[in-house]
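The values are calculated or read from the model by the stated rules, or taken from the named source; none is laboratory data. Every value quoted in this text rests on a predicted model; they were computed, and no experiment measured them. In this analysis, Cβ positions are derived from the backbone assuming ideal geometry, glycine residues included, and neighbour counts consider all displayed protein chains.
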Amino acid sequence: MKYWYQKPTKEISDYVRTVLIVEGFSKLSNTKTPLVTNGTSTLFCRTEKCTNKTEKIVQLTLFGQSTPAEALELSKGTTLIVYLFNPFTVTPLFNISAAKLIKSPVELANWNAHKTNALKTQLTYADTTARKIEILDNLLIHQLEQNKIECESIRYATDEIMCNTDPEILPTILMNLGINERTFQRRFKKYVGITATQYRRICQFQLSFSQVKGKHFDTLTDVAYNNGFADQNHFIRSFKEFTQMTPKDYIKSGLKPKKR
């Protein structure tokens, strides 16, 4: 087995982190590390060489937050092309709800039979892996063009909230996107799986938790205000909600505040 990663084409580089190619018929590459990490959404294209030296497209599947180990099992005639997506990009790209993709993998044939049949025909006649990647790139580019508003709005919103967890970021996002709150929250929940408000609170907690865990604070009040909480009590309630303990209890379990 031989494998390598390559950069995605420029048109989809904001949505695809990398492309993994695995060839079962090439010289062995020794690795003990997982080729695809948990939490990464992927598009799997699997081909198998037939006895008459033709190739058959045996799998075109979207995976949500985890990829089963058997998906990476190869025979001697197998080639895998795997697109690893950036967070929150695959669902608007394919116009699939996050809840559906998290629940189970989505076969492209069930997503859109007409597009998948055309895709399989093109891939079958592609004589090189590079040509197959070009065909799959074109599918993603077409999907991006078709769902551009949803793709760009979700990417913009998740990036903005991750960088600024203050509650006032949501009205700013609505104003910049030019949509009302109801439409935005519905779209966000469909493609991310939770509301924008819930996502903001999770990001806010994660930033504050990282600050506490890394001992980058003098007082807990500093942590609260640095991360946009209304006050220390608000921060404590949030911390307890996500960890089932207060910040002080967490610190007592092994952390100490930074020395002055």
So which residues in the range 47-64 are closer than 11 Å to LEU101 by Cβ and in contact with a helix residue (DSSP H, G or I) (Cβ under 6 Å, 6 or more places away or on another chain)? GLY64
Go over the candidates LEU101, LEU93, LEU80 one by one and state the one that is modelled with pLDDT under 95, crowded, with 20+ Cβ neighbours inside 10 Å, in the same structural domain as LYS49 (by TED's automatic domain parsing) and part of a helix (DSSP H, G or I). LEU101
Could you tell me whether any residue of the range 122-129 is small (Gly, Ala, Ser) and in a helix (DSSP H, G or I)? no
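The rows are residues; the columns are (1) over 17 Å from GLN59 (Cα atoms); (2) at pLDDT below 95.
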{"position": "LEU119", "(1), (2)": "no, no"}
{"position": "GLN143", "(1), (2)": "yes, no"}
{"position": "GLN146", "(1), (2)": "yes, no"}
{"position": "CYS151", "(1), (2)": "yes, no"}
{"position": "TYR156", "(1), (2)": "yes, no"}
{"position": "GLU168", "(1), (2)": "yes, yes"}
Among the residues listed as ASN112, ASN176, the single one being in the same structural domain as LEU43 (by TED's automatic domain parsing) and among the polar types (S, T, N, Q): ASN112
When every residue in the range 207-230 that is in a helix (DSSP H, G or I) and among the hydrophobic types (A, V, I, L, M, F, W, C) is compared, the one nearest to LYS252 (Cα to Cα) is VAL212
Positions within the range 178-206 being more than 23 Å from PHE85 (Cα to Cα), of a type in the set (A, V, I, L, M, F, W, C) and not in a loop (DSSP other than H, G, I, E, B), in sequence order: PHE205
Counting only residues in the range 1-23 that are of a type in the set (D, E, K, R) and surrounded by 13 or more Cβ atoms within 10 Å (Cβ to Cβ), the one modelled with the lowest pLDDT is identified as GLU23
For residues in the range 104-132 being charged (D, E, K, R) and surrounded by 12 or more Cβ atoms within 10 Å (Cβ to Cβ), which is nearest to ILE81 (Cα to Cα)? LYS132
Checking MET175 against (1) modelled with pLDDT under 95; (2) part of a helix (DSSP H, G or I), which single condition isn't satisfied? (1)
Given (1) modelled with pLDDT under 75; (2) within 30 Å of ILE154 (Cβ to Cβ), number of the condition SER26 does not satisfy: (2)
Spot the failing condition for PRO68; the list is (1) touching a Ser or Thr at 6+ places or on another chain (Cβ under 9 Å); (2) modelled with pLDDT under 95; (3) surrounded by fewer than 12 Cβ atoms within 10 Å (Cβ to Cβ), and only one is missed. (1)
From the list LYS190, LYS215, pick out the single residue that is in contact (Cβ under 8 Å) with a residue 60 or more places away in the chain and either in contact with a Cys (Cβ under 7 Å, 6 or more places away or on another chain) or surrounded by fewer than 19 Cβ atoms within 10 Å (Cβ to Cβ) (or both). LYS190
Could you grab the pairs with beta carbons closer than 8 Å, sequence gap of 6+ or different chains, first residue in the range 156-183 and touching a residue at least 60 places away in the same chain (Cβ under 8 Å), second one of a type in the set (Val, Ile, Thr)? THR158/VAL192
